Structures are given as C-alpha cells and as structure tokens.
Amino acid sequence: MTPDSAASPGAAGPGTDGTRLRPGDRRILEQYLSHLRIERGLAANTLAAYRRDISRYLADLARRDIDPVAVGPQQLGAWLQDLRTGADGGSVLSPGSAARALAAVRGLHAFLDAERVSTTGDPSRLVPAPAMPRRLPHPLTVEQVEALIEAAGRPGTGRDATERALRDRALLEILYGLGARISEATGLDIDDVDVQERAAVLRGKGDKHRVVPVGRFALDALEAYLTRARPGLAARGRGTAAIFLGSRGTRLSRQGAWQVVQRAAADAELSDLPEPISPHTLRHSYATHLLHGGADVRSVQELLGHASVTTTQLYTQVTVDSLREIHAGAHPRARRGA
C-alpha cells in the first residue's frame, strides 16, 4: 500500500452493503480485505462481517470529513460511542456487537500502521473495548437433564425412527457426559473413542485436542447406537469415519445436532426455563454438576478445555448462588442475617 492509496476527496460510491464510501476509502477497504483473505485465509462469512463493520466506520469518517490514515484515539472513541446510540446513522449495537465492530476496525488500523500509511500510528491501541455484561450460564438440574435424554431416546414415527432415537440419545449423552461442545461432538470419529480405556479425544478450538473420560451411561448409549443404528444410516452414504450420521449417511451437521436438542427439549416439555435449551446448555450443566459434586476448578478447566481458569470460574459463581439460595431457605436466621 502506498500513500496514494489513502482516502482522497471525491464522489462517494455505493458499497456492496449499500454504504457510500469515498474512492480512497474504498481502496483502503478492498486492500485490507484482500490482505485478510490471502495472508490470513479468513472465511467468506468472516470477510463479509469485516466489510460490513468497516464500511460503516469509513462512512462515518467520511461524514465527519476525517481521513482514515489520520484518525486519533479521541475520534475513534467517539465513533464507538456513536455505535451504542446509533448517532452515526446506523442501528444501535449491543456491547457485544460494538466490540466485534471495534475488533474489525482495530485490524484495519494495525494494517495501516504496518503499511506505514497511517500518520497517527495505531490509534485503536488506546481505545478500550466496550464493557461486556457478565452473563452467568443457566444449567439444568440433574432431573431435567435425565428428562431431556429420555425424551431424545423415545422413538417417533417413520421407517428410521428407532435409528434416530438411538442416535439422538447417544448424542445427548455425549454432550452432557463429556461436556463436549457441539462441534466437538459432531466432529467425533469412530477411532476417537476408546471403549476399553473409557476415554475419548475431543478436538476443541484452535485444533487443540484433549482426552476426556467417558462415563458408563454415555458408553452404553454409544454402543447401542453404533451396533443397532449407525450401520443402517451409514448404508445410505458413501462411507465416513464420523460417529454421528444424518439421514443421508453423512456426518451430522452442527445444525442437525442443534435440532436434535430442540426436539428433545420440546418432547420433554422443558419450556419454563430462563432461556431456551441449546447444546451448550448441556455443557454448562456438565460443569456445574461436577463442581456441585466436589470437583475442583482446575480439573473442570481441563475437562472443558478452557484456556483460562477465569472462564471456568463462572460456574463457581453459579454454585455459590445455588448454595446461597439453599442457605436462605433452610437456615432459621439466614433471612434476617443476610
């Protein structure tokens, strides 16, 4: 990139998302997106999100007659505030969406700085991300988990109803019994589970692998599915090592697994809950029930594959809150002394 590539006065042109950008700003955007696509190999959906967020940012700079290579921290901070109120002319963004937009813009300014085009260095280093509200997980009770799994294992109607029920029960037993993410469960291959060792290899975020124990309930459900249901499903496909298969004999997709959980929640009539049940709800429940059972935080961190124990400590707060409720309801002097 050369200084000639920087923004220059001129008529604005409409972007692919309808945002009008100055010609120089558009060149900056396209060069940065090309860098992300070629050098970093970002996916098309990610690139589209970057384009949308950065186009909104560049359009706001154009409205205020600010050159993107000369942006200061105060101007960038003011734009971030505008995102939270919609003062830049766009929709009002939540703290999470504003933080995502800021991450895209941070990358742009780091790129301009690395290309020695920026006259102000990287102003985004001095702009903090919006404070994120702390969201505590909403785990199920043990009884609710059991009802969910039982509902998944009840055959419905149709020629492959039994096969589907065996698969669905095994999937939920894996999600809850291993604390697996949905992508980890659907990514399991036959060789990833060692029945003799009662262990499984899960491929987590960043292609990190971890070995986790597999309980008896999960092993039994998995064995029933592999012997009585998977062969029939596999016969419809062209051969795959995946454990969990869809109706066409191919690896069950994340969307397919999500639908399995949704159907089971509906059949179990678990509707009176703080939030809808998702595959991640079972992972939340796994962690919370381990801590309730006496597991230490570091061990749960390893089992969940969390990079930081801080993430795992969210579940200790859930446990403390539960104990506080029990104490308040059971101790004769808790209400007045609390």
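The values are calculated or read from the model by the stated rules, or taken from the named source; none is laboratory data. Please read all numbers here as calculations on a predicted model, not as lab measurements. Cβ atoms come from the backbone with ideal geometry, glycine included; neighbour counts cover every protein chain shown. These accessible areas exclude ligands, DNA and RNA; they are computed on the full protein's heavy atoms, side chains included. Shrake-Rupley method; radii C 1.70, N 1.55, O 1.52, S 1.80 Å.
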Residue in region 116-127 that is modelled with pLDDT of 90 or more and acidic (Asp, Glu) present: yes
Restricting region 63-73 to residues that are farther than 22 Å from Leu36 by Cβ and in a helix (DSSP H, G or I), the residue that is nearest to the chain's Cα centre (by Cα): Pro73
Pair list, Cβ < 8 Å and 6+ apart or interchain, from region 186-214 residues that are more than 21 Å from Ser299 (Cα to Cα) to residues that are among the acidic types (Asp, Glu): Val195/Glu223
Single condition Gly90 does not satisfy, out of (1) at pLDDT 90 or above; (2) in contact with a helix residue (DSSP H, G or I) (Cβ under 7 Å, 6 or more places away or on another chain); (3) more than 23 Å from Gly121 (Cβ to Cβ): (1)
Search result, residues across region 174-195 that are surrounded by 14 or more Cβ atoms within 10 Å (Cβ to Cβ) and either of a type in the set (A, V, I, L, M, F, W, C) or part of a loop (DSSP other than H, G, I, E, B) (or both): Ile174, Leu175, Leu178, Gly179, Ala180, Arg181, Ile182, Ala185, Gly187, Leu188, Val193
Close pairs (7 angstrom Cβ cut-off, 6 or more residues apart or separate chains): closer than 11 Å to His292 by Cβ in region 307-322, surrounded by 14 or more Cβ atoms within 10 Å (Cβ to Cβ) and at pLDDT below 75 anywhere: Tyr315/Pro137; Val318/Pro137
Flag if Pro137 is touching a helix residue (DSSP H, G or I) at 6+ places or on another chain (Cβ under 6 Å), at pLDDT 90 or above and either open to solvent by less than 60 Å² (accessible area, probe 1.4 Å) or closer than 30 Å to Ala104 by Cβ (or both): no
Any hit, region 136-149, residues being among the hydroxyl-bearing types (Ser, Thr, Tyr) and either over 30 Å from Gln317 (Cα atoms) or over 25 Å from the mean Cα position of the chain (by Cα) (or both): no
One residue from Arg52, Arg106, Arg56 being assigned to a helix (DSSP H, G or I), touching a residue at least 12 places away in the same chain (Cβ under 8 Å), in contact with a Lys or Arg (Cβ under 9 Å, 6 or more places away or on another chain) and of a type in the set (D, E, K, R): Arg106
Single condition Gln262 does not satisfy, out of (1) within 26 Å of the chain's Cα centre (by Cα); (2) outside any helix (DSSP H, G or I); (3) free of Cβ contacts under 8 Å to residues at least 60 places away in the same chain: (2)
Test for Arg254: is it open to solvent by 80 Å² or more (accessible area, probe 1.4 Å), in contact with a helix residue (DSSP H, G or I) (Cβ under 6 Å, 6 or more places away or on another chain) and within 21 Å of Val145 (Cα to Cα): yes
Of all residues making up region 224-238, the number that are open to solvent by less than 70 Å² (accessible area, probe 1.4 Å), within 13 Å of Arg248 (Cβ to Cβ) and outside any helix (DSSP H, G or I): 1
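For every residue, the table says whether it meets (1) of a type outside the set (Val, Ile, Thr); (2) in contact with a Cys (Cβ under 9 Å, 6 or more places away or on another chain); (3) not in a helix (DSSP H, G or I).
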{"position": "Leu172", "(1), (2), (3)": "yes, no, no"}
{"position": "Glu197", "(1), (2), (3)": "yes, no, yes"}
{"position": "Leu202", "(1), (2), (3)": "yes, no, yes"}
{"position": "Val212", "(1), (2), (3)": "no, no, yes"}
{"position": "Leu219", "(1), (2), (3)": "yes, no, no"}
